[in-house]
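Accompanying notes for the structure given below.
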Amino acid sequence: MSLPAAQLSGDARAAIPHDVQQLVVIDYRAMQNSSTAMQLRDRVMPPDLKQFENALRHSGLNDNHDVDQLAFALFRIGSSTDSLETVGIAQGQFDMDSIMANFRKQKIVPKMVRANKTYPLARTGMVLCFVDPSTMVFGSPEAVKAALDVRDGLKPGMLTNGGIMDAMRSVDSQPLWSVLDKSGTQIMMKQVLGEAGSVADYESIRKRLESSWYGMDFQHGVKFNLTISTGDTFAAATVSSLLSAAVIYKKMSGNEIEKAALAATDISSNSGLLNIHFATSDNDFNSLLNSSLFQSMIH
């Protein structure tokens, strides 16, 4: 039986910029007993973060033993919704002496951002910074600087983003969880609805999609719960109808794996919240991982 998932530490939360479009948190310790969970981890991690994992191994960090939790936040820089950066945060029990010895051996010289040492990682274009012995921030130099600006109190952070913080409280005890803001939720819904939702129907409720959050559990098969906040009962009911139409469409056009998954999906709405619940066996979920339906739900 896996242990309850740990929440993001205070130091980790304090390094995440304010304008988060999506935050994904993966609890390695809770997931390592499930091969399905580890396959899913590989699916939801952006390609550049997989590259970063490889670079970390060369720096002396063993992600399977040293990292307890990995989070990555997609956030906006400035007022533009088109300018997005991703910052990663790893929490764990890091052997700082051996990591620093490895950096010295490779003649890696840190670059200072105020009092913070950032270390370049060869061939990735990324840097990392230990904000404390158990918390590491990593990503592009711009993304890491933005995280350090927040941590050092120069820029507002996620802790002052009421919508994201409220959404987190519902899911942050799950082994894998994510929260999305208004923009992230709209993008996700457009992908999920695809050809099944007419442009007119989607546009009528798009602006009412306020936020969303999902959590996944891997004990006794796989359980997935997604909640979308619309702010009012009518909008939630409209989204529910559109999603039900999308399910019918996918059942007609999808492959056998997707059809079986949709048969195990429940959609309901209540008081401005739309709820989607899905449960399946490990074997069936492994087959679903490669489907376009699943990809649209997690990105």
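The values are calculated or read from the model by the stated rules, or taken from the named source; none is laboratory data. Keep in mind the model is a prediction, meaning the values are calculated, not measured. Cβ coordinates were reconstructed from backbone atoms using ideal geometry, including for glycine residues, and neighbour counts include every protein chain displayed.
A few comments on the model shown:
- The listed residue being of a type in the set (Lys, Arg) and modelled with pLDDT of 90 or more, out of Lys223, Lys182: Lys182
- Considering residues of the stretch 238-254 that are among the small types (Gly, Ala, Ser) and either crowded, with 17+ Cβ neighbours inside 10 Å or within 19 Å of Gly184 (Cα to Cα) (or both) only, the residue modelled with the highest pLDDT: Ser240
- Verdict on Thr81 being farther than 22 Å from Ala122 by Cβ, β-branched (Val, Ile, Thr) and modelled with pLDDT under 70: yes
- Restricting the stretch 94-132 to residues that are surrounded by 12 or more Cβ atoms within 10 Å (Cβ to Cβ) and in a loop (DSSP other than H, G, I, E, B), the residue that is modelled with the lowest pLDDT: Thr124
Listed here are the residues, each with its yes/no results for (1) touching a helix residue (DSSP H, G or I) at 6+ places or on another chain (Cβ under 7 Å); (2) at pLDDT 85 or above; (3) surrounded by fewer than 20 Cβ atoms within 10 Å (Cβ to Cβ); (4) outside the structural domain of Arg169 (by TED's automatic domain parsing).
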{"residue": "Met1", "(1), (2), (3), (4)": "no, no, yes, yes"}
{"residue": "Ala30", "(1), (2), (3), (4)": "no, no, no, yes"}
{"residue": "Phe72", "(1), (2), (3), (4)": "yes, yes, no, yes"}
{"residue": "Ile89", "(1), (2), (3), (4)": "yes, yes, no, yes"}
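- In the set (1) assigned to a loop (DSSP other than H, G, I, E, B); (2) at pLDDT below 75, Asn64 fails one condition alone, (1).
- If the condition is being touching a residue at least 12 places away in the same chain (Cβ under 8 Å) and farther than 23 Å from Arg13 by Cβ, then the stretch 84-112 contributes Asp95, Ser98, Ile99, Ala101, Asn102, Phe103, Gln106, Ile108, Lys111.
- Figure legend. Inter-residue proximity from the stretch 7-27: first residues within 16 Å of Trp213 (Cα to Cα), second residues at pLDDT 90 or above and assigned to a loop (DSSP other than H, G, I, E, B), beta-carbon distance below 6 Å, spacing 6+ or different chains. Indicated pairs: Gln21/Asp181.
- Gly231 vs. criteria in contact with a Gly (Cβ under 7 Å, 6 or more places away or on another chain), part of a loop (DSSP other than H, G, I, E, B) and surrounded by fewer than 19 Cβ atoms within 10 Å (Cβ to Cβ): yes
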